[in-house]
């Protein structure tokens, strides 16, 4: 995904009352060990990679783009120019379940995975002419549930949503956040029969070109955006009326995406993409008052993006990308301090495996799993990998984050850059769904249950 600003057609922006966010700008210590004797043991579950790989040129599957536990098994979605794949792991063996982009090679990435109403859903990246798709899996069969970028009224010459970039189950419906570079991101809600557009035009700002993260928290659904002028974070209690929980990249326009959201100890965490000074992590107990707990990319601006936040055994794990070298890391937060769980790569059979993206995290059967981009051993490319861990070898003390004092946002048109700030804003009441569509259902089984990788 390019970091350059691309041309977009700006939609008319409805008038809004914008209140300044309450932002506490301090960071928690880095480098203080969670426990003096703590160390993380990681086990490679994919010693053969994911399919064909030229050790000098590269692999068909270039990254594990998403991970999700479902039905007692782990599912990994990949990025593959020949068509994305989905792999299934039963705790000891991986099987390639679908390949070739679920029958369409233009489905090049499984961008998102989520469980909703007893099914596993997968959102794809597609061409702008065909539009993103959403597929569902009931434990036996993958079925195309939504297609064509979801807007069935679009004419063939109209560009469509290219990515179903975020999925979340909330209040009985599956919410789908998209990327739409022309008129701004959209959010759709699927009730099992019909899909309804609940957000258009980038949440009243067409510069919000994508919804890249979503998570339920304290009775609301939160959605983080990609915006090259500073990301937003929005929330809703009913899926129809949306209010801004944070704007302008936490008053730092270099925070161009709320790239990951996580929940731990009744606290919401929001992580950013920032290629200038490095990724940041913020926390809030109410979604309105925010405290920065990590800045400057974990000590290096090269660690520019947090891809995933997952709570596991009382600790918050952050999967982090490096902007130029195969030196991705995983960091851990206990409510007070940060520590590394992966630094400089991971070792298997005496060889160091390095990768530039720690891309995905998921928990299955009390085990944490990490999905990566293409890994290398020296100059040899071995392909994307999935590693597992049961946490630190010594039980670290955990801490419940102390939430910042409750503060009521007041209207401040131009807060100073150093001000302690946060945002609450109300969209105009124009969120009544106007588009519904009956999804196209194309039953089909794309399963190859051949054990080809053994732990």
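The values are calculated or read from the model by the stated rules, or taken from the named source; none is laboratory data. A quick note: this is a predicted structure, and the numbers were derived from the prediction, not measured. Glycine gets a Cβ as well: all are built from the backbone with ideal geometry, and neighbour counts include every protein chain shown.
Looking at region 322-378, the strands (runs of 3 or more DSSP E) lying wholly inside it that each contain 1 or more residues that are in contact (Cβ under 8 Å) with a residue 24 or more places away in the chain and within 20 Å of the chain's Cα centre (by Cα) sit at 329-333, 338-342, 358-364, 367-372.
As a summary of the residue check, residue 159 satisfies the conditions (1) surrounded by fewer than 23 Cβ atoms within 10 Å (Cβ to Cβ); (2) modelled with pLDDT of 95 or more; (3) in a loop (DSSP other than H, G, I, E, B) except for the one numbered (2). The set of residues in region 295-309 being farther than 22 Å from residue 234 by Cβ and in a strand (DSSP E or B) consists of 303, 304. When you look at residue 166, is it part of a loop (DSSP other than H, G, I, E, B), surrounded by 22 or more Cβ atoms within 10 Å (Cβ to Cβ) and at pLDDT 95 or above, yes or no? Judged against the criteria, residue 166 is not a match.
Those residues that are farther than 27 Å from residue 277 by Cα and part of a loop (DSSP other than H, G, I, E, B), I need them from region 221-238; list them, please. Matches in region 221-238: 237, 238. Filter region 239-289 for residues that are over 25 Å from residue 65 (Cβ atoms) and part of a strand (DSSP E or B) and give the result. Those that are over 25 Å from residue 65 (Cβ atoms) and part of a strand (DSSP E or B): 242, 243, 244, 245, 246, 267, 283, 284, 289. Right, residue 175: touching a residue at least 24 places away in the same chain (Cβ under 8 Å) and either over 15 Å from residue 68 (Cβ atoms) or surrounded by fewer than 23 Cβ atoms within 10 Å (Cβ to Cβ) (or both) or not? Answer is yes for this residue.
Taken over region 189-199, the criterion of being surrounded by 23 or more Cβ atoms within 10 Å (Cβ to Cβ) and either free of Cβ contacts under 8 Å to residues at least 12 places away in the same chain or farther than 21 Å from residue 115 by Cβ (or both) is satisfied by 199 alone.
Consider residue 136 carefully, then state whether it is in contact with a strand residue (DSSP E or B) (Cβ under 9 Å, 6 or more places away or on another chain), without any contact (Cβ under 8 Å) to a residue 40 or more places away in the chain and part of a strand (DSSP E or B). Answer is yes for this residue. Taking the conditions (1) in contact with a strand residue (DSSP E or B) (Cβ under 6 Å, 6 or more places away or on another chain); (2) crowded, with 23+ Cβ neighbours inside 10 Å; (3) over 18 Å from residue 202 (Cα atoms) in turn, residue 152 satisfies each one other than (2).
Right, residue 113: touching a residue at least 24 places away in the same chain (Cβ under 8 Å), in a strand (DSSP E or B) and within 17 Å of residue 370 (Cα to Cα) or not? Criteria met by residue 113.
For the criterion of being crowded, with 24+ Cβ neighbours inside 10 Å and at pLDDT 95 or above, residue 259 passes. Against the numbered list (1) farther than 30 Å from residue 296 by Cα; (2) modelled with pLDDT of 95 or more; (3) surrounded by fewer than 22 Cβ atoms within 10 Å (Cβ to Cβ), residue 43 comes up short only at (1).
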